[in-house]
1. Scanning for something at pLDDT 95 or above, closer than 29 Å to R161 by Cα and not small (G, A, S), does the range 220-234 turn up at least one residue?
2. Test of understanding: among G198, G230, which residue is surrounded by fewer than 23 Cβ atoms within 10 Å (Cβ to Cβ) and touching a Ser or Thr at 6+ places or on another chain (Cβ under 6 Å)?
3. For the subset of the range 72-87 comprising residues that are over 13 Å from the mean Cα position of the chain (by Cα) and aliphatic (A, V, I, L, M), which member is surrounded by the fewest Cβ atoms within 10 Å (Cβ to Cβ)?
4. For the range 152-162, does any single residue satisfy the condition of being free of Cβ contacts under 8 Å to residues at least 12 places away in the same chain, out of contact with any strand residue (DSSP E or B) (no Cβ under 9 Å at 6 or more places or on another chain) and among the hydrophobic types (A, V, I, L, M, F, W, C)?
5. Could you check the range 234-288 and list, in sequence order, the residues that are β-branched (V, I, T), outside any helix (DSSP H, G or I) and under 28 Å from the mean Cα position of the chain (by Cα)?
6. Let me spell it out: the conditions are (1) over 16 Å from R111 (Cα atoms); (2) surrounded by fewer than 18 Cβ atoms within 10 Å (Cβ to Cβ), and I154 meets all of them except one. Which number is the exception?
7. Assuming E40 fulfils every condition listed in (1) surrounded by fewer than 16 Cβ atoms within 10 Å (Cβ to Cβ); (2) of a type outside the set (S, T, Y); (3) modelled with pLDDT under 95 apart from one, which condition is it?
8. Which condition number does E57 fail, the rest of (1) touching a residue at least 60 places away in the same chain (Cβ under 8 Å); (2) surrounded by fewer than 24 Cβ atoms within 10 Å (Cβ to Cβ); (3) part of a helix (DSSP H, G or I) being met?
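The values are calculated or read from the model by the stated rules, or taken from the named source; none is laboratory data. Just so it is clear, the model here is predicted, and its values are computed rather than measured. With ideal geometry, Cβ positions are generated from the backbone for all residues, glycine too; neighbour counts draw on all protein chains shown.
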Amino acid sequence: MVTVAVNENETSVYDTLGVRRILNAAGPVTRLGGHRVAPEVAAAMAEAAQGHVQMDELHARASELLAEATGAEAGLITSGAAAGLTLAAAACLAGFDPARMDALPFVPDGRNEIVVQRGHRNAYDHAIRAAGARFVEVGYLGYPGQGITHPWQIEAAISERTVAVACPVMDTPGTVPLAEVAAIAHRHNLPVIVDAAGSLPPRDNLRRFVREGADLVAYSGGKAIGGPQGSGLLVGRRDLIESARLQMLDMDVYSRVWQAGRPYLRDGRLPGPPNHGIGRGGKAGKEQIVGLLVALRRYLDHDEAAELQVQAARAYRLAEALDGVRGVRTNLAAPRGGIPKVEIWLDEEALGLTAWDAMAQLEAGDPAVFVSQGLADRGGLLVNPSTLADGEERTVAARISQVAAGT
């Protein structure tokens with residue numbers, strides 16, 4: 001994603017609010033505001049904010065566009081990937097039953113189990129549990145960063161209380177891959193939920209998980225896609241997406257004028273509009289929906305290989321600028337299909353400071369620089385150049401040099 005530099009000589013809205021701007025060298029993480037949005041995305045959001053639309057119609061059109069982009073049957077724009085996961089779980093728990101929708105997160109009949117491999121558990125799966133689901137773990141924990149799961153363990157954990165199988169996108173050796181998980185789940189008529197929040201790039205991952213059998217996939221809209229920070233997309237099976245949508249939308253409407261659910265009233269699947277669902281807090285405004293759709297089109301149209309080359313060149317310039325700095329060693333890490341990153345290893349004994357100390361000084365300085373914390377326990381700083389504008393990588397290198405020199 002091409003970023004846009006901010007003219008530091010101009011007064012920004014953050015200056016007006018008394019909030020300092022930073023150089024984000026950690027990547028599109030939530031705590032640092034995600035990505036910059038491209039000018040055409042910002043312009044589309046501003047235009048959308050000045051008009052009114054029937055939100056059901058906007059969601060219906062968004063669903064069509066998300067389906068085209070991902071190969072899924074339907075899609076829904078939410079207030080982030082976590083909201084998408086909560087809605088995915090709610091769809092599996094409640095289906096088209098308005099009484100079950102109304103009861104969530106309570107499930108009186110006990111049909112609330114979602115099978116998950118132990119090696120796939122992570123802090124973000126709280127979003128699934130928040131809907132009222134209870135995880136049934138299978139498999140074993142092996143060495144750090146490894147899981148050991150046999151396919152039969154997934155099958156053995158399925159019971160009359162099971163509503164879905166969760167398969168987050170995690171590179172955990174020893175876990176059963178998505179396609180095989182989906183085959184097992186589908187033999188039991190169970191859907192598979194995939195957390196793909198941070199799985200882009202490569203761009204093919206927009207279609208890969210549906211292609212491999214996932215029934216519901218949640219992506220972040222504010223990371224690689226470059227949409228509004230607080231946006232996400234949930235794509236998958238039409239009936240499940242519709243259940244999620246019904247549990248998210250504003251239901252202050254009478255049956256006689258409820259256009260969004262008219263087909264479900266006619267065929268008897270619903271007796272009337274459900275009450276406000278558990279996903280009400282996951283709704284996206286018209287500005288977020290329009291902004292994400294424009295960003296998604298931009299993401300699909302851009303030359304991914306060329307963009308990765310731009311990021312690689314930026315990473316190389318940063319590493320080159322640190323060459324020869326006492327106590328600092330760099331390494332370029334280029335994950336396959338992903339953003340190239342710079343590992344910056346500090347000789348803590350020679351410098352007299354830890355990586356944590358260095359990060360604290362970088363964040364407190366002027367300009368304030370934030371890097372990824374992923375290597376700090378091992379004495380390193382990690383830079384993701386995707387959220388830097390051209391030229392900012394040299395500023396980051398200069399600040400790291402200053403900290404290393406103790407100045």
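1. yes
2. Among G198, G230, only G230 is surrounded by fewer than 23 Cβ atoms within 10 Å (Cβ to Cβ) and touching a Ser or Thr at 6+ places or on another chain (Cβ under 6 Å).
3. Out of the qualifying residues, it is A74.
4. Yes, the conditions are met somewhere in the range 152-162.
5. V235
6. Of everything listed in (1) over 16 Å from R111 (Cα atoms); (2) surrounded by fewer than 18 Cβ atoms within 10 Å (Cβ to Cβ), I154 misses just condition (2).
7. (3)
8. Looking at each condition in turn, E57 falls short on (1).
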